[in-house]
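Quick notes on the structure that follows.
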Amino acid sequence: MTPVEIRDVVLNILDEIAPDDDLTDIKDDVAFRDQLEMDSMDFLDIVMELRKRYRIQIPEEDYPQLASMESTVTYLEPLLKDTAKV
Amino acid sequence: MGPPDTGLRDTGLRYTARPLEAAKDDQLIANVSPEQRSPEQRIVITGVGMTAPNANDLPAFREALLAGRSGVQSYEIRYFGKTVAGVCSFDHHRYQKRRDVKRGTRAGSVGVYCGHEAVQDSGVDWENTDRSRVGIYVGVTEHGNVETENEIHEIKAYDYDTSFWSHHHNPRTVANNPAGEIALNLGITGPHYTIGAACAAGNAGIIQGAQMLLLGDCDLAIAGGVSESIHTFGIFASFKSQGALAEHDDPTQASRPFDKDRNGIVVAEGGCLYTLERFADAAHRRAKVYGELVGYAINTDATDFVLPNAERQAECVELAIKRAGLAADQIDIVSTHATGTTSGDVQECAALRKVFQDNSNTLFNNTKSYIGHSMGAAGALEMAGNLMAFEDGICHPTINLESVDPACELAGLVANEPREKKDVSYILNNSFGMLGINSAVIIKKV
């Protein structure tokens, strides 16, 4: 997947996790927590969805990497570079 | 060989076993006769929030019951397949965000809906209410089965690898979940918990709320029961294996308590929560009062896991009547528990005949014939179905009663057509459950 495709995947997951939030103007360099109604259980939802869709295991010490869209895409890029988008 | 070493210091005190000695009846709060209760010892209903398979508020529920309209429909659930059930259609986004509906449980959503509706109906100034003085007491027959079945179904797709098991499982399945979701949604910081009481849970929730008001634990109790049971295949499969699941070509005729052709229970979901207050508080704010809880009782068969015991049921009803300071023939309407099973209906009728002895005043009806058995909500919902009789002077009938089983004969059984009943003053609501739990609640017109 390209970074653009990864961003689409994360956006799709966020749409499921935060269905009441408007994601059209999400700022990639701002923490999710500062612009969406999200808590720690929601972050675990992101981890679980990535595990279910792409079978990637994200260790707990890497969770801070999922703070914003920018950092998430950067973190996932090497993990998903050989994986097709589903 | 001497006694085992408990590690405890021997105090030298020795106790001789003696029978329990009951306190004098008039020293117990539960036994203070109604006329001697102070305004602070009188508990009244000031608001009703509900969803049933045939209505989503009290006036609509009453209208459906007087019109004989069933809410039972065809239903299908994974693994089990086709059956019939009572399914609710309340707007679960009226008081919850989509995120909260997704994160929580069906029982939680039912509770949030009913809780909001009850508070609104009570007319209490909610914005200025001290939420730390509000208590939530929600009866449940079971909780967690739906969510556990869902998770097992989900991880089947991952070859039962538990690393795919949801982190939402525990907050969804803790036994206090439905009450906790109400607290979260309404910002209530007083006590919240559920009362597990099988199918007597709706009454048990009401009783618990009343007791907490009497103890001064809260000033407003949100109390009653909820059920999400139609979303667990296990309850259908278990009743089927027990030979106690209703079947009928026409779903609206499947729930038929007391009828010769009854063949079991129709499982339903639903909820009914009341706002309960001490009469002194309700009068102070000039609240509308639906009725006063003047008597209640809970007892136990201690004879069987599932089979009811008419003698214990009769004792329970008699105790509630005694605590209300009444004679049996002063009860105007008995809202029966009967679920449509072969033996359960017969046992309840035997108990009722013993207590009410064919008196000419008391009428009997059954609300499950319209909505099925809404489990944890049943006691509270069935009481709600009858509450308006104080106003309209009508006893709604038991429907689908084409041919009464002789073993279920009751002199005042109201069948298929509503019956006028002038000056309804007392309604008694029965609710019984597995493991032999029996409950009865008596509401008085105020």
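The values are calculated or read from the model by the stated rules, or taken from the named source; none is laboratory data. Every value quoted in this text rests on a predicted model; they were computed, and no experiment measured them. Cβ sites come from the backbone with ideal geometry, for glycine too, and all protein chains shown count toward neighbours.
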Count - residues of region B:324-368 that are in contact (Cβ under 8 Å) with a residue 60 or more places away in the chain, among the polar types (S, T, N, Q) and part of a helix (DSSP H, G or I) | 2
Working carefully through the options B:117, B:151, B:142, find the one that is more than 23 Å from residue B:371 (Cα to Cα) and either surrounded by 19 or more Cβ atoms within 10 Å (Cβ to Cβ) or modelled with pLDDT of 95 or more (or both).
-> B:151
Residues in region B:208-229: is at least one of a type in the set (A, V, I, L, M), surrounded by 24 or more Cβ atoms within 10 Å (Cβ to Cβ) and under 26 Å from residue B:345 (Cβ atoms)?
-> yes
Is it the case that region A:33-40 has a residue that's basic (Lys, Arg) and in contact with a helix residue (DSSP H, G or I) (Cβ under 9 Å, 6 or more places away or on another chain)?
-> yes
So which residues in region B:32-55 are under 16 Å from residue B:368 (Cα atoms) and out of contact with any Leu (no Cβ under 7 Å at 6 or more places or on another chain), if there are any at all?
-> B:51, B:53, B:54, B:55
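Would you call residue B:146 under 26 Å from residue B:80 (Cβ atoms), more than 14 Å from every other protein chain (Cβ to nearest Cβ) and not hydroxyl-bearing (Ser, Thr, Tyr)?
In short, yes.
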Is it fair to say residue A:58 is of a type outside the set (Asp, Glu), assigned to a loop (DSSP other than H, G, I, E, B), surrounded by 16 or more Cβ atoms within 10 Å (Cβ to Cβ) and within 12 Å of chain B (Cβ to nearest Cβ)?
-> yes
Residue hits (region A:52-68; within 12 Å of the chain's Cα centre (by Cα), farther than 11 Å from residue A:13 by Cβ and not small (Gly, Ala, Ser)) are A:58, A:63, A:64, A:65
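Condition check ((1) away from chain A (no Cβ under 14 Å); (2) not acidic (Asp, Glu)) across all residues:
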{"site": "B:161", "(1), (2)": "no, no"}
{"site": "B:165", "(1), (2)": "no, yes"}
{"site": "B:191", "(1), (2)": "yes, yes"}
{"site": "B:202", "(1), (2)": "yes, yes"}
Hey, which of the helices (runs of 4 or more DSSP H) in region B:35-154, taking only ones fully inside, have at least 1 residues that are under 19 Å from residue B:383 (Cβ atoms) and out of contact with any His (no Cβ under 8 Å at 6 or more places or on another chain)?
-> B:58-67, B:106-122
Name every residue in region B:241-263 that is assigned to a loop (DSSP other than H, G, I, E, B) and under 15 Å from residue B:408 (Cβ atoms), in order of residue number.
-> B:255, B:256, B:257, B:258, B:260, B:261, B:262, B:263
Every pair of residues 6+ apart whose Cβ atoms lie under 7 Å, when the first sits in region B:160-181 and is within 18 Å of residue B:269 (Cα to Cα) and surrounded by fewer than 19 Cβ atoms within 10 Å (Cβ to Cβ) while the second is among the charged types (D, E, K, R) and modelled with pLDDT of 95 or more = B:173/B:147
Residues of region A:19-52 being surrounded by 14 or more Cβ atoms within 10 Å (Cβ to Cβ), away from chain B (no Cβ under 11 Å) and either on the phi > 0 side of the Ramachandran plot or not aliphatic (A, V, I, L, M) (or both), in sequence order, are A:32, A:33, A:35
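Answer with yes or no whether residue B:292 is acidic (Asp, Glu) and under 19 Å from the mean Cα position of the chain (by Cα).
For residue B:292, the condition - acidic (Asp, Glu) and under 19 Å from the mean Cα position of the chain (by Cα) - is met.
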Take region B:79-104 and flag every residue that is more than 19 Å from the chain's Cα centre (by Cα), of a type outside the set (Lys, Arg) and surrounded by 15 or more Cβ atoms within 10 Å (Cβ to Cβ).
-> B:80, B:83, B:84, B:92, B:95, B:96, B:100, B:101, B:104
Could you tell me whether region B:271-293 includes any residue that is crowded, with 17+ Cβ neighbours inside 10 Å, in a loop (DSSP other than H, G, I, E, B) and in contact with a Phe, Trp or Tyr (Cβ under 7 Å, 6 or more places away or on another chain)?
-> no
What number of residues within region B:95-132 satisfy the criterion of being under 26 Å from residue B:173 (Cβ atoms) and more than 14 Å from chain A (Cβ to nearest Cβ)?
-> 15
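Being within 14 Å of chain B (Cβ to nearest Cβ), in contact (Cβ under 8 Å) with a residue 24 or more places away in the chain and in a helix (DSSP H, G or I) is the filter here; which residues of region A:1-18 pass it?
Within region A:1-18, the first condition is being within 14 Å of chain B (Cβ to nearest Cβ), and the residues that meet it are A:13-18.
Of the ones still in play, those that are also in contact (Cβ under 8 Å) with a residue 24 or more places away in the chain are A:13-14, A:16-18.
A:13, A:14, A:16, A:17 - these are the residues of region A:1-18 that are within 14 Å of chain B (Cβ to nearest Cβ), in contact (Cβ under 8 Å) with a residue 24 or more places away in the chain and in a helix (DSSP H, G or I).
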